[in-house]
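The values are calculated or read from the model by the stated rules, or taken from the named source; none is laboratory data. The model shown is predicted, which means the values in this text are computed figures rather than measured ones. Cβ: placed from backbone, ideal geometry, glycine included. Neighbour counts: every protein chain shown.
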Amino acid sequence: MGKNPKFNKIILIMVFIILCLTPALLFAQSGQNKVLPLLLTSGLVDCDKGEVEYIVWTEDPLQLFSIENILRSSSLTWQRQTLSDFSGREVYQYFAKQNINKENEKEGLQFYCALYSRVAGKTVHVYMEEKVYACLNAEQYFQENNIPEIQSVSTKQMTSINGYDRRIPGAVRFGKEETNIQIITNGEVSDHNRVILALPALIEEF
């Protein structure tokens, strides 16, 4: 078979095509893995300041010592709440808030990812909520960042879209699907504009 000139020519053409396409495919893959822009750096909101809240939540009292040691090593000021769920079990929640701008917004997401990797587990859950006072087309945000929508709900009071993005750690079960990003915006009856981007989902009231 190796003596067939037409066959050899076809093989050489195929090898050439593969060699030419490989760098392009690698570049495309690396582009897909870039850091997800949050609200301020999305180019879709007309503001440059916001607030981020980090929340660590658990029902397991045996995890509190480890959680508090990790949180003390951060530069944030954490507060602790002890709540009760519907069955009377105690729930422990730690939270810290931080003002952000376009320049340090990326660091806020990096902190969430690092906190998740160090704290999150079967009985410990980590959340992040970014809040800005501005208008946002949530569908456009999902489309421009190639985030598949899991569910969309719209009322006069609010619009909420859930999705899943591989660049973000963690997820919560949403029916048969998993979601790790949610955007909630004001509805048409609101007196002021407000947007919350929640990872993996909103844990507090809008």
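Data for the structure
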{"quantity": "Complete set of residues in the stretch 29-80 that are modelled with pLDDT of 95 or more and basic (Lys, Arg)", "calculated": "LYS49, ARG72, ARG80"}
{"quantity": "Elements of type strands (runs of 3 or more DSSP E) in the stretch 109-206, at least 2 residues being farther than 28 Å from SER66 by Cβ and touching a helix residue (DSSP H, G or I) at 6+ places or on another chain (Cβ under 7 Å)", "calculated": "158-163, 181-186"}
{"quantity": "Filter pass, TYR133 being aromatic (Phe, Trp, Tyr) and crowded, with 17+ Cβ neighbours inside 10 Å", "calculated": "no"}
{"quantity": "Some residue of the stretch 84-92 being surrounded by 17 or more Cβ atoms within 10 Å (Cβ to Cβ) and within 18 Å of GLY170 (Cβ to Cβ)", "calculated": "no"}
{"quantity": "Among (1) closer than 23 Å to SER117 by Cβ; (2) touching a Ser or Thr at 6+ places or on another chain (Cβ under 6 Å), the one test that LYS102 misses", "calculated": "(1)"}
{"quantity": "Checking GLY163 against (1) within 22 Å of ASP48 (Cβ to Cβ); (2) touching a Ser or Thr at 6+ places or on another chain (Cβ under 8 Å), the condition it does not meet", "calculated": "(1)"}
{"quantity": "Per-region count, the stretch 102-139, residues without any contact (Cβ under 8 Å) to a residue 60 or more places away in the chain and touching a His at 6+ places or on another chain (Cβ under 7 Å)", "calculated": "0"}
{"quantity": "Residue count, the stretch 52-96 (criterion: basic (Lys, Arg) and either part of a helix (DSSP H, G or I) or closer than 21 Å to GLN110 by Cβ (or both))", "calculated": "1"}
